[in-house]
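Remarks on the structure that follows.
The values are calculated or read from the model by the stated rules, or taken from the named source; none is laboratory data. Everything numeric here is computed off the predicted structure, so don't read it as measured data. Every residue, glycine as well, gets a Cβ built from its backbone with ideal geometry; the counts of neighbours run over all protein chains shown.
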Amino acid sequence: MPASVLLDRSRPVDPTATLPAAAAGIISFTEFAAAVMPRLYYLNETNILDVFGVLDVDRDGVISLADLTHLVGEAAFAEATLAESDLDGDGVISFADFVAVLVGNEQHIL
């Protein structure tokens, strides 16, 4: 395993330290996910497909409001996440939306 992937366990890790909104105490689910996953991990297509598959609870090929609500348990948070991540406005997060959000966040978070 490359040394850059290993954590320095002698220091506590703050995954929100690089998030611009963290100073206000508010981060989105997408920002949190992007902050805690190493760049090379989440920009790998196989890994993105795996994560998308976990979030697509009902396995219909998209991440819906029902999927998000099931995962996070809070409707308001699920609705906000969907609104932020549904780039084409079709009411669901497609795989293309998901990748675009991850790559877009990678550019300003990491």
Practice item. Could you run through region 48-71 and say how many residues are in contact (Cβ under 8 Å) with a residue 40 or more places away in the chain and more than 21 Å from G104 (Cβ to Cβ)? Key: 0
**Study point:** Filtered residues of region 65-91 (kept if within 17 Å of S28 (Cα to Cα) and part of a loop (DSSP other than H, G, I, E, B))
**Key:** G73, E74, D86, L87
Point to revise | Which numbered condition S10 fails, given (1) assigned to a helix (DSSP H, G or I); (2) at pLDDT below 75; (3) over 12 Å from the mean Cα position of the chain (by Cα) | key: (1)
Review point. What pairs can you find where one residue is in region 27-47 and more than 13 Å from V103 (Cβ to Cβ) and part of a helix (DSSP H, G or I), the other is at pLDDT 70 or above and of a type in the set (F, W, Y), and their Cβ atoms are less than 9 Å apart, with a gap of 6+ or different chains?
Key: F29/F77
Exercise for review: Of all residues in region 61-78, count the ones that are polar (S, T, N, Q) and in contact with a helix residue (DSSP H, G or I) (Cβ under 7 Å, 6 or more places away or on another chain).
Suggested key: 1
